[in-house]
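Structure first, commentary second.
The values are calculated or read from the model by the stated rules, or taken from the named source; none is laboratory data. Keep in mind the model is a prediction, meaning the values are calculated, not measured. Backbone-built Cβ (ideal geometry, glycine too); neighbour counts: all protein chains shown.
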Amino acid sequence: MSPMTDTVMSDPATAKEDTTQDMGSNVPVHITRLAPELILRIFGMLNTGESTCLGVTCRRFYTVLKDLYPEPICLRTPMVQIGKGRGYRLESWRFTDLYHVLANWVGPRYRMGLQINVKLHYYNKEVYSDSGEYAYISQNPEWRSDARHQDYHIAQSLYDKNYRPDRALPNPLPNPFNKGNAWNAEAITSIKASISQFKSTKDWKQFWKAINLFYHNHEHFDRFEDEYMWGMWSDGLKLMDF
């Protein structure tokens, strides 16, 4: 069941917010013009996946969706699709997830990602190729995108795990969404800037060692550490009038 064909669609530009329609008359009322309490009642009868499919059909429904689910909705949310079989025969049911259901909704410019993904994403075919297959996985821009997202979430989890009110830990890495390879430079800058927030460079390395970007650029960070330590030593000599 594709949300493009099995959920209510509307044009946000032409959908009016007039809710004064006489609901007791026989005049057809577009679903987007129903009273807010009725729309909430409809959403209340749906599960998370079904609510998401309805919520992405127009701006008004999307606003309701985000009011009900302010946090990001997991694309692995389970769903049931009903096929063309008659009635509710078992063979007419198919279990899937929101990720597959929304694949048609995102449009032909995008494709689903590889199943090795840390997080599920839809990829632009012009940027990440149509198939997502490369001779070497390190050449795959989708794999590199996954590595950036993995680093971001690891940094966030490390921050949440180690944060203490009396200790100034570095902020998590910048969000890599829609930044491509430009994220690498931003992340490296963030990692470097955090060194002064640790008691020692050893603690700094220990914190960031789980990050792919840090591991694959360890020589760069080693040189930066040497320069940082030299600068600290030079500043100390100046304070002592040497």
Checked segment 179-195 for anything within 18 Å of Gln156 (Cβ to Cβ) and either free of Cβ contacts under 8 Å to residues at least 12 places away in the same chain or of a type in the set (D, E, K, R) (or both); matches are Lys179, Glu186, Thr189
So in segment 103-129, with the set limited to residues that are touching a Phe, Trp or Tyr at 6+ places or on another chain (Cβ under 7 Å), assigned to a loop (DSSP other than H, G, I, E, B) and modelled with pLDDT under 85, which one is surrounded by the fewest Cβ atoms within 10 Å (Cβ to Cβ)? Leu120
May I ask you to list pairs of residues, at least six apart or on different chains, whose Cβ atoms are under 8 Å apart, with the first in segment 49-74 being part of a loop (DSSP other than H, G, I, E, B) and surrounded by 15 or more Cβ atoms within 10 Å (Cβ to Cβ) and the second being at pLDDT below 90 and polar (S, T, N, Q)? Thr57/Thr7; Thr57/Ser10; Cys58/Ser10; Cys58/Thr32
Considering only segment 199-221, state which residues are farther than 14 Å from Ala155 by Cβ, touching a residue at least 24 places away in the same chain (Cβ under 8 Å) and not in a helix (DSSP H, G or I). Asn217
Tally time: how many residues in segment 181-193 are modelled with pLDDT under 90 and in contact with a helix residue (DSSP H, G or I) (Cβ under 8 Å, 6 or more places away or on another chain)? 1
